[in-house]
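Working notes, beginning with the structure itself.
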Amino acid sequence: MAISDHELIQAWKEVLTLSKLEPGQTVTVLTSAATHPQTLSTALTAAAMLGAVVNRLDLQPVNGEKALSRDSLAYLGTTPLTGNKAAIAALKASDLVLDLMTLLFSPEQHEILATGTKILLAVEPPEVLARMVPTLADRARVLRATAKIEKAKTMRVVSAAGTDLTCPMGEFPAIAEYGFCDTPGRWDHWPSGFALTWPNEKQTQGTIVIDRGDILLPMKRYVAEPITITVKDGFARSITGGVDAELLAEYMESFKDPEAYAISHIGWGLQPRASWTTLALYDREATIGMDARAFEGNFLFSLGPNNEAGGSRSTTCHIDIPLRKCTVSLDGEEVVRLGKVLDQGQE
Ligand SMILES: [Fe+2]
């Protein structure tokens, strides 16, 4: 359903205020061919209303001919910033970058964040942004979860469908995604609401069963027949099942990259305003699936790179898979039981 300009301007003002935008600071809005015009115009208006100096930087799309999907998260690797010194300089000189194109992780982005520039990604359609305007309560909930991850040495995930996965942790930091950038050099994504980390290199063992109703991204598909993934020494060694398993396996094979099969980020969804059902209601071209990644109580795991966490693995393949009805434990303490978040915090 459509959102009024007024409502989306209000939403932007809320997010920019949570991101501690001050009058006189410089905001650069990053755009490309697929940027939503209403998201762009309301971002420019809201930032100006809060007294910022506002720029727009429009970059050329890349990788379209290489990717099998139109999904902006499906294909990593080079970005429009690769070798683009003028754009990098403009972004480094900005206090806040509103990324309406999907810059994604790259050495250039790390370089920009290291100067203190904040980057907020916002590419979901306007009504999804408006439904999931972040709050301080979202932040508190996600930070409680990342504090638990930071202390833990092992994450174990089990389900009645047959998942039994053990992930030793500690080599990589815990990451909180709560939807706004309130500290210098912070990257975040509106909408989001989840806690994640990466398992230690080559140590994850066990079995993952992607059950009926679990979601494959970027396929944006609810699995109809279970898929069994056998994980040994940190890599998916086999992907078996019916047609869904064949789709996943053949798509991954197309990248011709053994690194694509590594277990990447692991964590759980903490956003009560995200919904498991949303993907069933949307055209697949209309969304990148943040509802699926963030709905409360999912176990979200990924196959592919760990370079965004400081690891050495980069691969262009990026698969995210949220599972329902899992029990997630950290060093034996349950944090999600049967797909419900156990959270003792006050809100
Ligand atoms: Fe991911």
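Which of the residues spanning the stretch 274-321 are open to solvent by less than 60 Å² (accessible area, probe 1.4 Å), more than 12 Å from the ligand (Cβ to nearest atom) and of a type in the set (Lys, Arg)? Arg313, the sole residue that qualifies.
Just one residue in the set Thr204, Thr197, Thr166 is open to solvent by 30 Å² or more (accessible area, probe 1.4 Å) and polar (S, T, N, Q); that residue is Thr166.
Within the stretch 1-55, the residues that satisfy the criterion of being outside any helix (DSSP H, G or I), among the small types (Gly, Ala, Ser) and closer than 18 Å to Thr102 by Cβ are Ser32, Ala33, Ala34.
Rundown of residues vs (1) in a helix (DSSP H, G or I); (2) surrounded by fewer than 17 Cβ atoms within 10 Å (Cβ to Cβ); (3) at pLDDT 95 or above, yes/no style:
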site	(1), (2), (3)
Ile229	no, no, yes
Ala236	no, no, yes
Thr240	no, yes, yes
Asp244	yes, no, yes
Leu248	yes, no, yes
Tyr251	yes, no, yes
Trp268	no, no, yes
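Taking the stretch 270-305 as the range and being in a loop (DSSP other than H, G, I, E, B) and farther than 22 Å from Val336 by Cα as the test, the residues that pass are Tyr282, Asp283, Thr287, Ile288, Gly304, Pro305.
Residues are listed down the side, and each one gets a yes or a no for (1) within 16 Å of the ligand (Cβ to nearest atom); (2) under 19 Å from the mean Cα position of the chain (by Cα); (3) part of a loop (DSSP other than H, G, I, E, B); (4) at pLDDT below 95:
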{"residue": "Gln60", "(1), (2), (3), (4)": "no, no, yes, yes"}
{"residue": "Gly64", "(1), (2), (3), (4)": "no, no, yes, yes"}
{"residue": "Leu68", "(1), (2), (3), (4)": "no, no, yes, yes"}
{"residue": "Leu103", "(1), (2), (3), (4)": "yes, yes, yes, yes"}
{"residue": "Leu113", "(1), (2), (3), (4)": "no, yes, no, no"}
{"residue": "Ala140", "(1), (2), (3), (4)": "no, yes, no, no"}
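Inspect all residues belonging to the stretch 54-62 and state whether any of them is surrounded by fewer than 16 Cβ atoms within 10 Å (Cβ to Cβ) and of a type in the set (Lys, Arg). Yes, because at least one residue in the stretch 54-62 is surrounded by fewer than 16 Cβ atoms within 10 Å (Cβ to Cβ) and of a type in the set (Lys, Arg). Just to be sure I understand, how many residues within the stretch 73-101 are within 25 Å of Ala47 (Cα to Cα), hydroxyl-bearing (Ser, Thr, Tyr) and modelled with pLDDT under 90? Result for the stretch 73-101: 0.
Being touching a His at 6+ places or on another chain (Cβ under 7 Å) and in contact (Cβ under 8 Å) with a residue 12 or more places away in the chain, is that true of even one residue in the stretch 135-153? Checking the stretch 135-153: not a single residue is touching a His at 6+ places or on another chain (Cβ under 7 Å) and in contact (Cβ under 8 Å) with a residue 12 or more places away in the chain. Of all the listed residues (Glu177, Glu124, Glu150), the sole one being open to solvent by 30 Å² or more (accessible area, probe 1.4 Å) and among the charged types (D, E, K, R) is Glu150.
When residues of the stretch 257-292 are filtered for being basic (Lys, Arg) and either within 16 Å of the chain's Cα centre (by Cα) or under 12 Å from Ser192 (Cα atoms) (or both), how many remain? Final tally of qualifying residues: 1. Would you check if there is a residue in the stretch 333-345 being crowded, with 21+ Cβ neighbours inside 10 Å and over 18 Å from Thr146 (Cβ atoms)? No: zero hits. If only residues of the stretch 63-83 that are open to solvent by 20 Å² or more (accessible area, probe 1.4 Å) and touching an Asp or Glu at 6+ places or on another chain (Cβ under 8 Å) are counted, the one that is farthest from Thr287 (Cα to Cα) is Thr82.
The values are calculated or read from the model by the stated rules, or taken from the named source; none is laboratory data. Quantities reported herein were computed from a predicted structural model and do not represent experimental measurements. Here Cβ is always computed from backbone atoms with ideal geometry, including for glycine, and neighbour counts include all displayed protein chains. Accessible surface is based on the protein model in full, side chains and every heavy atom, while ligands, DNA and RNA are left aside. Shrake-Rupley method; radii C 1.70, N 1.55, O 1.52, S 1.80 Å.
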